[in-house]
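Throughout, read-outs are computed from the coordinates displayed, never taken from laboratory work. What you see is a predicted model; the values in this text were computed from it and never measured. Quick reminder, even Gly has a Cβ in these numbers, built from the backbone with ideal geometry, and neighbours come from all protein chains shown.
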Amino acid sequence: MNEKRFEGDISKLRSPERVERLEVERVTDLSLEGETIGSVLDVGMGSGLFSESFSGRGLKVSGVDVNPEMLIAARQFVPAGDFREGIAEAMPYPDGSFDLVFLGLVLHESDKPLKTLQEARRVARQRVGILEWPYQDGAFGPPLVHRLNPEDLTAMFQKAGFKKWKLTELSNTVFYGLEV
């Protein structure tokens, strides 16, 4: 389980080029758009790049990651964050714990993407935000075989119980805002 766990250099996750490529501030804006959000769960939060952005907006930030090294890294950047070891397919939180559940480039890494979506919906009160790679070969990100195609995503959204979502194409990624 969790064979796709990140094993690289943590500093690469926070390089200025990567921050710019991922449009961190714009993704944060899209995640919060049109809702009053007070709490966020960053699933597979890695070094806390998005957690730090949410925290900078005054939100209560929690995170879950399978890699204990990422918990240590995230705490350096978001000392007030509540970061726990766990997997996306079985989040260690009660139902409806967070206004927003955010999955930043993690769904394609999940061993069971549908189960991850079901868990995200379970612990979210208002919205689930998903940042993913577009379904095309690109200069950045994983090979096409590791990316999620839009038809499969739509089917998974529906099976997970989401009735409404909005897709926003960004420069290098795609953002999905799913209403709970």
* To do: With θ set to phi - 60°, apply the Karplus curve 6.51 cos²θ - 1.76 cosθ + 1.60 along the range 12-22 and write out the HN-Hα couplings as whole Hz, x wherever there is a Gly or Pro.
  => 5, 5, 10, 5, x, 5, 5, 4, 5, 4, 7
* **Set of the range 77-103 residues, backbone N closer than 16 Å to the point 7 Å along the Cα-Cβ line of ARG57** => 98-103
* Asked: Given the pairs LYS12/LYS159; LYS12/LYS164; LYS60/LYS112; LYS112/LYS164; LYS12/LYS163, which are separated by over 25 angstrom at their Cα positions?
  -> LYS12/LYS159; LYS12/LYS164; LYS60/LYS112; LYS12/LYS163
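Ranking SER11, SER55 by Cβ neighbours within 10 Å, fewest first, what do you get?
Working: SER11 10, SER55 19.
Exposure proxy ranking, most exposed first: SER11, SER55.
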* Can you pull the one-decimal nm distance between simple spin-label points at SER11 and THR154, each 7 Å off the Cα toward Cβ? => 4.5
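Express in nm, to one decimal, how much length is gained between ASP95 and ALA80 on full extension, taking 0.36 nm for each residue of separation and deducting their alpha carbon distance.
Numbers: separation 15, 0.36 × 15 = 5.40 nm, distance 2.24 nm.
Result for the pair: 3.2 nm of gain on full extension.
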* **Taking all pairs of distinct alpha-carbon atoms in the range 92-148, Kirkwood radius in angstrom** => 12.2
* Asked: With the chain treated as a Gaussian network of Cα nodes joined by springs under 10 Å, which of PHE140, PHE98, PHE162 yields the largest mean-square fluctuation?
  -> PHE140
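Between rounded, prolate and oblate, where does the range 33-104 land on the alpha carbon gyration tensor, with a ≥ b ≥ c its root eigenvalues, rounded for a/c under 1.5, else prolate if a/b exceeds b/c? Before the final figure, lay out each step's value.
On the way: a/c = 1.94, a/b = 1.18, b/c = 1.65.
Cα axes put the range 33-104 in the oblate bin.
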* Only Lys, Arg, Asp and Glu count, each charged at its Cβ (+1, +1, -1, -1), so figure out the dipole size of the range 10-179 about its Cα centre, rounded to 20 debye. => 300
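So what's the chain giving for Cα Rg divided by 2.2 N^0.38 Å, two decimals? Numbers along the way, then the final one.
Working: Rg = 14.7 Å, N = 180, 2.2 N^0.38 = 15.8 Å.
In units of the globular-protein estimate, the chain measures up at 0.93.
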* Structure fact -> In a Gaussian network model of the chain with springs linking alpha carbons closer than 10 Å, the residue among GLY34, GLY161, GLY86 that fluctuates most is GLY34
* So in the range 30-152, what percent of DSSP beta bridges are antiparallel if you round to the nearest 5? -> 5
